Structure formats: C-alpha cells, structure tokens
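What follows draws every value from the coordinates through simple rules; no lab data is involved. A quick note: this is a predicted structure, and the numbers were derived from the prediction, not measured. In this analysis, Cβ positions are derived from the backbone assuming ideal geometry, glycine residues included, and neighbour counts consider all displayed protein chains.
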Amino acid sequence: MNKFKGLLGIVVFSLIIMIVADYPNTITLELGVFSGSNWDVPSGESYKIIDGAIERFEKKHPGIKVKYESGIMKSDYSSWLSDKIVKGQEPDVFMVLDDDFNTLSSIGALANIDGYMTHDQKFNENDYYSSVLKAGAYSNKQYALPYECNPTLMFVNKTLLEECHIDMPDNDWTLNDFYSICKKVNQYSSNYYGCYDYSWLNSIYGYGAKVFNETGTQCFLDETTVKSAIEFYRKLNNLNNGHTVTSDEFDKGLVAFSPLSLSVYRTYKPYPWRVKKYSTFEWDCLKMPTVSKDKGSTQVSTLLMGMSAKSYHKSQAWDLLKELCHDTSTQESLTQYSQGISPLKKVAQSQTIIDMLDEEDSQINISLLNQALLGARNREKFKKYDSAMTLIDTNMTRILNSSDDFDLSLIELQKQVNKYLND
C-alpha cells in the first residue's frame, strides 16, 4: 500500500511539473481589431500591420499566442465589442474608436495603465506627441495608448487661387488671411466659393478656445474667445450670401479651401487614387489657420488601443499593447500601410517616413506634420461629450440662421447645456 501511495505521489508530482512546464504555452491573448481603415478611405493592408506585429511579439514571447477574429468591419466593430463586453468575453487588448473611448472608460471596461507606464523602464510616455497621448486619458488616468493619429489639414485648390490671382498662403497663415482670401475668391466670380465644410468647431480650435471644462460640468459658450470664434465662423459663412456650398461644387474645383484629414491627403494625392478624385485641378494642403502665429490649434483624430479591465493576463497584455503602439517596427509599418501617421515622434520625424512621403508624391513635409501634431487638440474626455456636442450643434445652426440677438441666444444655449451636463 505504501509502495502504491509512493508511486501515485510520483505520478501526481510529475503531472504537476509537466503542467507548470507547459503553462507558458497555454497563454492565448485575444486581440480585438477591425478590417480596413479607421479613416474611411480605401485600404486593404490593415491585417498586414497586425500580422507583422503579432509575429514579432510571439518571437519575443515564445510562451504566448495571439489570436483575433478577422472580417469585422469598422461599421460593425462598436456593436461587436459591446456584445463581447456584455458577455464578459472582451479581448485582452482591443482597438478603441474615438467615439467609444469616453463610454468604455466611464463604465470600467478599460484597464487603468498608469502603473504599467510608470514602472516599465522600456516605456517612455515622452516618446509620444503629448497632445495625442492625451486622447487615451480620462479623468486624469490613462486608459489607452494611441495606435495611429490623423490630424486635420487645410485642403487648398491651387488652380483656383491662381485663376483668382491669389498667392498660395504659407504655413503660418492666420484666420484673417483665411477670411481675406475667401472674400477675394467670392468676389472674383459668383460661381466660386471660399470654403466648404469649415465648421464652427474648426473656428473654436483656430482661436485656441474651449467649449467645456475638463470635467464636463461647465460649458463656455458665453466666454469671450468662444464668442469671437463663433462670430468669425458666422462672418465667413456670410460671404456666401445664404448659399450652402456643396460637396459637388468642391469636387468640381469651385471652392478654394476645405478642412481634410491627413489620411484623405495621403490616399488621394498619389497615383492611382488621384485619378479617382480631385484630378481636374492642382491641389495641396496647409496647416489649419489659427487666430495668430503663436495661438490656436488643430483637431486630431486618434485610433486608440487599450487593455481589458477583466483580462487574466494583464502583464502579457501590456507587452502586446506596447508591441502595437510603442514598437518602432510596428509604427513604421503602420505609416507605410495605413494612411494616418504614427503618434511616436521618432517615427513621424524619421528619415524613413520622409522618404515614404516623397515616394507618394506628397508635398507634406515633416515640419508641417510636426507643427500640426505639436499644436493638436483632442476632443474633450467626459461621458456626456457626444450628446452635449449634438445639443450645441443643433442649436448653433438655428442661432446662426436666426435674426435673434446673438449674445442672448448663446447665453440661453449655455444655460441649457449646463443644465444637461449637471442633471
């Protein structure tokens, strides 16, 4: 009997050793990604970037495998991720759309990564453009890292400016320069227009103003700088004498300016996509105009990645998150096969990227990108942001088209929004 017990003990001990020895091979991390471009431009290389990052990660971590579900379109991704979260089956690491970040952070779906960032000696948050890194912060805590960013630039119809005998503005142009050129274009021909799709929020950014405080409890529509920005937007629109400029007019080359993202520029500037769109006129882009050369900012959109708060393998998930968002090889590959730009300064400013942009027949230079990203601003990070902005936007259209007192209308709207924010 003792002999049997001894033999059984050896077998059990051997099994434990085997399980422990094999344990690293049993870790599987699930990654949540979608197919195509986050910026709604043609792209067929999104998995190439992810597959390359996974291959490098698995070589560095032989005991870990990474899997993901392919074929999820961006339009379906939010609902797919929501279903996963409700079922408690969310991926260990997953992409976070700009529109979803506030909600996912506020409901506790994302892990707080402040501790990982602080104690990991191979990670330095100063490697990022600070404005873009802040896209992953909520209530002064970091919940995600930027994977790719997409600054807003100003599209310029050079052919139209030449016809109107107007010089191409330089990158340090101001809102006054912008208005002056738009006015000249409108005066040159009744069929020409200064700008298309320039919003009141673009003007807010241009003035360096803020619509809300950081905690989302107060709205600043009656603040002097905000009112000045909205007044500028109204003055700019008045140049069109009640006409609403259309995308068709823009595509036909009848409009001088329009805010467009870097991704649109990188997609439609080079051959062959340039023959699909904007091929009837010569065009380029500039930094968005600001109220002065040293004041104002540019809006930037950011695709984030975060860790699940419920992941059983957070240490390994953090390493995967770094591989995707902080590794130079991944970020260079992203800039090559996607249409945005890396949020890492050393990648965005590297000679590799300079050469890549030159090959694309792009007039964008590192100085322009650097200016745009250093002065970039993200949308505010609080739970009611999207609904509050919808409320303002709807009423702003009414106010700007109304003969009611402008200042009083803004004060009333501010009261309405503040009540909503604090209900």
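Points worth noting:
- Note on the chain: antiparallel DSSP beta bridges, both residues inside, total approximately 70 percent of the bridges counted.
- Model label sites at residue 328 and residue 184, defined 7 Å from Cα along the beta-carbon direction, differ in position by 4.5 nm.
- Ordering 92-98, 146-152, 250-256 by mean Cβ neighbour count within 10 Å, with the highest value first, yields 146-152, 92-98, 250-256.
- Between residue 224 and residue 114, full extension at 0.36 nm per residue minus the direct alpha carbon distance yields a gain of 36.0 nm.
- Computed packing ranks the peptides 61-74, 200-213 as 200-213, 61-74, most packed first, by mean other Cβ atoms within 10 Å.
- The helix-only estimate of mean residue ellipticity at 222 nm for the chain, built from DSSP H runs of length n ≥ 4 each weighted as -39500 (n - 2.57), is -14000 deg cm²/dmol after division by the residue total.
- Gain upon complete extension [residue 416, residue 400; 0.36 nm per residue less C-alpha separation]: 4.1 nm
- Label-point gap, in nm, between residue 124 and residue 312 - each point 7 angstrom along Cα→Cβ: 3.7 nm
- Model label sites at residue 294 and residue 390, defined 7 Å from Cα along the beta-carbon direction, differ in position by 4.2 nm.
- Helix 175-188 vs. the chain, principal-axis angle (Cα, 0 to 90°, nearest 10): 50 degrees
- Listed peptides 314-326, 160-172 appear in the order 314-326, 160-172 once ranked by packing, highest mean of other Cβ atoms within 10 Å at the front.
- A simple rule links phi to the HN-Hα coupling: the Karplus curve 6.51 cos²θ - 1.76 cosθ + 1.60 with θ = phi - 60°, which for the stretch 189-196 gives 8, 5, 9, 9, 9, x, 8, 10 Hz, with x for Gly and Pro.
- Whole-Å distance, taken between Cα centres, linking the stretch 42-82 and the stretch 329-348: 16 Å
- Each listed q (0.18, 0.29 Å⁻¹) maps to a log10 I(q)/I(0) for the stretch 83-136, found by the Debye formula over equal Cα scatterers with no solvent: -0.75, -1.28.
- Globularity index of the chain, i.e. its alpha-carbon radius of gyration over 2.2 N^0.38 Å: 1.15
- Efficiency of FRET between residue 239 and residue 82 - r from beta-carbon atoms, R0 41 angstrom, step 0.05: 0.40
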